[in-house]
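*Asks:* The following block contains the structure, expressed as structure tokens.
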Amino acid sequence: MLKNKAGVSIDELAAGARITRTAVRQHLAALEADGYVCKGDERKTAGRPGQTFVLTTRGTDLFPKQYSWFSGLMLQALRQERGSEGLAQWFRELAATIAVSLAPRLAGKDEAQRLDEVATILNELAFEASVVHPTDRSEAPAIEASNCVYHDLAAVFPEICQFDVELLTRLTGTPLEHHECMVRGGHVCRFRAGSPDRPQ
């Protein structure tokens, strides 16, 4: 299917996989239910028209990609052109732009609600984030993420962390610091108001 964007018939799939038509139909039913394939156009043959199947975008996404490699090339070029601080500033500006687009989701919410909504936004991006309330009420709540979605890139380009700090600061309306960082050996990425701890 990846090589034949116009669609592949059940007979072609059965021949290619060396399994029966019945087995192909069972696999296709499961893949279609999960959103990985869908019905394509009917193909006219000498006999009766045959149904074809095509990969959906979700199905195509199952195949290996080189996003990190390509992103690394671009970031390296930006760092060479602008320097480390210039790259960090570029990430801050990018975060500011994204924060503007997300602002309507935070409108009218109080501080606690904003934190919860920010955690929700991060989870939509696969950060596995949550709001953590300290036992010491003199300390501010923290946002913790247990999944760094660009961990490998951030290990080479630590300037990326400026994107997170700037985005969360703008979304919460409170200046936040990066208290713990997984790239620097921490168990989570923790953001909260106040001076950052030493890398853990």
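*Asks:* Rounded to the nearest 0.05, what FRET efficiency is calculated for A193 and S130 with R0 set to 25 Å and r the Cβ-Cβ distance?
*Replies:* Details: r = 17 Å, r/R0 = 0.68.
Step by step, r from the Cβ atoms, then E = 0.90.
*Asks:* Where does helix 161-172 land angle-wise versus the long Cα axis of the chain, in degrees 0 to 90, nearest 10?
*Replies:* It works out to around 80 degrees.
*Asks:* Taking only C-alpha pairs under 8 Å that are 6+ residues apart, what is the relative contact order of region 26-103 in percent?
*Replies:* Values: 45 pairs, mean separation 13.8, N = 78.
Over region 26-103, the number comes to 18 percent.
*Asks:* Could you tell me the calculated FRET efficiency between Q76 and T120, based on Cβ-Cβ distance and R0 = 22 angstrom, to the nearest 0.05?
*Replies:* Numbers: r = 33 Å, r/R0 = 1.51.
After rounding, the FRET efficiency stands at 0.10.
*Asks:* Within the accessible area of the chain, what % is carbon and sulfur when the probe is 1.4 Å and the other protein chains stay in place? Mind dumping the intermediate values first?
*Replies:* Details: 6800 of 12530 Å².
In the chain, the share of accessible area belonging to carbon and sulfur is 54 percent.
*Asks:* Would you calculate, for the chain, the mean residue ellipticity at 222 nm contributed by helices, counting each DSSP H stretch of 4 or more residues as -39,500 (n - 2.57) and dividing by all residues, to the nearest 500? Please report the intermediate quantities before stating the final value.
*Replies:* Values: 7 runs with 93 residues, N = 200.
About -15000 deg cm²/dmol.
*Asks:* Now a separate question. Any chance you could give the angle, 0 to 90 degrees and rounded to 10, that helix 67-102 forms with the longest Cα principal axis of the chain?
*Replies:* Result, in degrees: 80.
*Asks:* In addition: Only Cα pairs within less than 10 Å get springs; with that Gaussian network setup on the chain, which residue of T174, T20, T60 has the largest fluctuation?
*Replies:* Residue with maximal mean-square fluctuation among T174, T20, T60: T20.
*Asks:* Counting other Cβ atoms within 10 Å of each Cβ, which GluC sites (Glu not before Pro) in region 123-170 have at most 13 and sit in a DSSP loop? Before the final figure, lay out the partial values.
*Replies:* On the way: sites: E124, E128, E139, E144, E159, E166; in loops: E128, E139.
Of the GluC sites (Glu not before Pro), the ones in loops of region 123-170 whose Cβ has at most 13 other Cβ atoms within 10 Å are E139.
*Asks:* Please give, to one decimal in nm, the separation of the simple spin-label points placed at A33 and R184, each 7 Å out from Cα toward the Cβ.
*Replies:* Rounded to a tenth, the inter-label distance reads 4.8 nm.
*Asks:* Please get the size of the charge dipole for the chain, origin at its Cα centre, with Cβ charges of +1 on Lys and Arg and -1 on Asp and Glu, quoted in debye to the nearest 20. Don't skip to the end; give the middle numbers.
*Replies:* On the way: 23 positive and 26 negative charges, 225 e Å.
Dipole magnitude for the chain comes out near 1080 debye.
*Asks:* Right, next: The list [x] 1.11; [y] 1.44; [z] 1.04 gives values of Cα Rg over 2.2 N^0.38 Å, and only one came from this structure; which label was calculated from it?
*Replies:* Computing Cα Rg over 2.2 N^0.38 Å and matching it to [x] 1.11; [y] 1.44; [z] 1.04 gives [y].
*Asks:* List the aspartates and glutamates whose Cα lies under 15 Å from the Cα of K65, skipping any in the same chain that are fewer than 8 positions away.
*Replies:* Excluding near neighbours in sequence, the set is D152.
*Asks:* Might you tell me the accessible area per residue for the chain, computed with a 1.4 Å probe and given in Å²?
*Replies:* Values: 12530 Å² over 200 residues.
About 63 Å² of surface per residue is accessible.
*Asks:* Another question, then. Figure the gain on full extension for E111 and H151 (residue separation times 0.36 nm, minus the Cα-Cα span) and round it to one decimal in nm. Write out the running numbers ahead of the final one.
*Replies:* Numbers: separation 40, 0.36 × 40 = 14.40 nm, distance 2.89 nm.
11.5 nm is the gain from fully extending E111 to H151.
The values are calculated or read from the model by the stated rules, or taken from the named source; none is laboratory data. What you are looking at is a predicted structure, and each value in this text was computed from that prediction instead of being measured. Cβ: placed from backbone, ideal geometry, glycine included. Neighbour counts: every protein chain shown. Keep in mind that these areas ignore ligands, DNA and RNA; they rest on the heavy atoms of the full protein, side chains included. Shrake-Rupley method; radii C 1.70, N 1.55, O 1.52, S 1.80 Å.
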